[in-house]
Amino acid sequence: MTEKIILQVTNLIKEYKDVKAVNNISFNIKSGQIVGLLGPNGAGKTTTISMILGITEPSGGDISIFGKSIKEGRSEINNDMNFAAVYSHLPNNLTVKQNLQVFGLLYGVKNLKEKIPQLLKDFTLEKFADTKAGLLSSGEISRLNLAKAIINEPKLLLLDEPTASLDPHSADIVRELIKEYVKKKGIAILWTSHNMKEIELACDEVLFLSHGNILLSGDPKVLPAKYGKKDLEELFITVAREPLTLS
Ligand code: ATP
C-alpha cells in the first residue's frame, strides 16, 4: 500500500488570553500510521485535537487533511473523519443500536443493516443493543464511542484517551481491534493516552508535547533508549518534570 500524507499540521498555534496552549507545532500522519500524542496535563493535546476536528479555531498555522487545507472549508473532509473521546457524549435516551443507526445515517453509511451487528459483535455490545446509552457503564460507553467512531470507515481517526475507562482486558481487546482495523484499511490515527504501555503497543510514532511545544518525537520502541531511559514511562516522567533540560 502506498503511504499518503493524510494529516499535515504546519506551524499550528492556539493562544488564549495569556496561555499559549499550542505553540507552533508541525507534524504529519501518513495512511496506515498510528501516532501517539503524549504530554502532561495541560500540554495542549486536546486543544490540538479540537483544532483538527474543527471545534477550536487556530490562532495561526494550518491544518491540511487529505491534501486540503481546512481554510478552504471542511465539507469534503468531515465525511472521512471521525473521533472518540472521553468527553464526547452520545444521546443517553437512545439505545446502543439506535445510537449507531443515527450516526450511521448522519454519515450516510450505506450498508448499515450489516454494519451495526458487526460493530456490536466487535465491541462486545450485543447484549446491550436495546439498552439506553444512559444506563451503560463508562467502559461500555467507551466501546460504543469507538464503534461510532469507525462506523463511517474514516480515513482519519482521532482518539482522545479512547481506553481511559476500560478495564485492562477490554482495553486490550479494543486496542487490538483498532490496530487490526488500521492494518486492514490503512487509515491514519492520532491517539492521545496517559497509558505509556498502551502507546508503546499501539503507536508507530509518538510526539511528546510540553507547554504547547513538540519536545521530542520518534518510534516509541527506540526513543527511551536514545535518551538513556528504560521505557516510555520513565522518559515521560523526565520530560514532564524537566521539560527544558532533556538532551
Ligand atoms: P489533559 O492531559 O489534562 O487533558 P491537555 O494536554 O489535553 O491536558 P489542553 O486541554 O489542550 O491540555 O490545554 C492546554 C492549555 O490550554 C492548558 O493550560 C489549558 O488550561 C488551556 N486552555 C484550554 N482551553 C482553554 C480555554 N478555552 N481558555 C483558556 N485556556 C484554555
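Summary table
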{"quantity": "Selection within the stretch 1-22 - of a type in the set (D, E, K, R) and either outside the structural domain of GLY60 (by TED's automatic domain parsing) or in contact (Cβ under 8 Å) with a residue 12 or more places away in the chain (or both)", "calculated": "GLU3, LYS4, LYS14, GLU15, LYS20"}
{"quantity": "Helices (runs of 4 or more DSSP H) enclosed by the stretch 166-247 - at least 2 residues per element that are in contact with an Asp or Glu (Cβ under 7 Å, 6 or more places away or on another chain) and at pLDDT below 90", "calculated": "168-185"}
{"quantity": "Residue match in the stretch 67-80 (condition: at pLDDT below 95, hydrophobic (A, V, I, L, M, F, W, C) and in contact with a Leu (Cβ under 9 Å, 6 or more places away or on another chain))", "calculated": "yes"}
{"quantity": "Positions within the stretch 40-95 being closer than 16 Å to VAL9 by Cβ, out of contact with any strand residue (DSSP E or B) (no Cβ under 7 Å at 6 or more places or on another chain) and buried (at least 17 other Cβ atoms within 10 Å of the Cβ), in sequence order", "calculated": "SER50"}
{"quantity": "Condition broken by PHE128, with the remaining ones in (1) within 22 Å of the chain's Cα centre (by Cα); (2) modelled with pLDDT of 95 or more satisfied", "calculated": "(1)"}
{"quantity": "Given (1) of a type in the set (D, E, K, R); (2) surrounded by 15 or more Cβ atoms within 10 Å (Cβ to Cβ); (3) in contact (Cβ under 8 Å) with a residue 24 or more places away in the chain, index of the condition LYS183 fails", "calculated": "(2)"}
{"quantity": "Answer from ILE178, ILE199 - the residue that is among the hydrophobic types (A, V, I, L, M, F, W, C) and closer than 19 Å to LYS229 by Cβ", "calculated": "ILE199"}
{"quantity": "Output for the stretch 20-36, where each listed residue is touching a Gly at 6+ places or on another chain (Cβ under 9 Å) and aliphatic (A, V, I, L, M)", "calculated": "ALA21, VAL22, ILE25"}
{"quantity": "Helices (runs of 4 or more DSSP H) contained entirely in the stretch 1-120, each with at least 3 residues that are within 16 Å of the ligand (Cβ to nearest atom)", "calculated": "45-53"}
{"quantity": "All positions within the stretch 121-140 that are under 18 Å from GLU176 (Cα atoms) and assigned to a helix (DSSP H, G or I)", "calculated": "LYS121, ASP122, GLY139, GLU140"}
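The values are calculated or read from the model by the stated rules, or taken from the named source; none is laboratory data. If you're wondering where the values come from, they're calculated on a predicted model, not measured in any experiment. Using ideal geometry, Cβ is built from the backbone for each residue, glycine included, and neighbour counts are taken over all protein chains shown.
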